[in-house]
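Everything below concerns the one structure shown next.
Any read-out appearing in this document is the output of simple, stated calculations on the displayed coordinates, not a laboratory observation. Please read all numbers here as calculations on a predicted model, not as lab measurements. Glycine also receives a Cβ, built like all others from the backbone with ideal geometry; neighbour counts cover every protein chain displayed.
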Amino acid sequence: MEAPIYDSDAWNRLLARVEQLEITVAHHEQMHQAAEKTMVEQFTQMQTLERKFSLLTRLLQTLNQDELKPLAEEQPPPHY
């Protein structure tokens, strides 16, 4: 039985291409993980900001409206 004949240059090019594809996939996996981490952090920040905004909205709603003058009635600061 004869040994299979193959082109060593073609084989080396194929191996180099497979290695390059593996590197590319690893890079894409890292980018995906970084993007996912960023999204989780941003989602957490958005939740925090929504809670703070809700608290501020409720605080403003509970302020005594008599304490707030209409803008037309406000006096300009003394330095004007």
Taking region 1-58, which chymotrypsin sites (Phe, Trp or Tyr not before Pro) meet the DSSP loop condition and have no more than 12 other C-beta atoms within 10 Å?
Tyr6
Nearest-ten-degree value, helix 8-62 long axis tilted from longest Cα axis of the chain
10 degrees
Not counting the cut sites, what is the longest span of the chain without GluC sites (Glu not before Pro) that DSSP labels loop and that have at most 15 other Cβ atoms within 10 Å?
3-73
Among Ala16, Ala26, Ala35, which one shows the highest mean-square fluctuation when the chain is modelled as a Gaussian network with alpha-carbon springs under 10 Å?
Ala16
Taking the chain, the whole-percent share of alpha-carbon pairs separated by over 20 angstrom is 72 percent
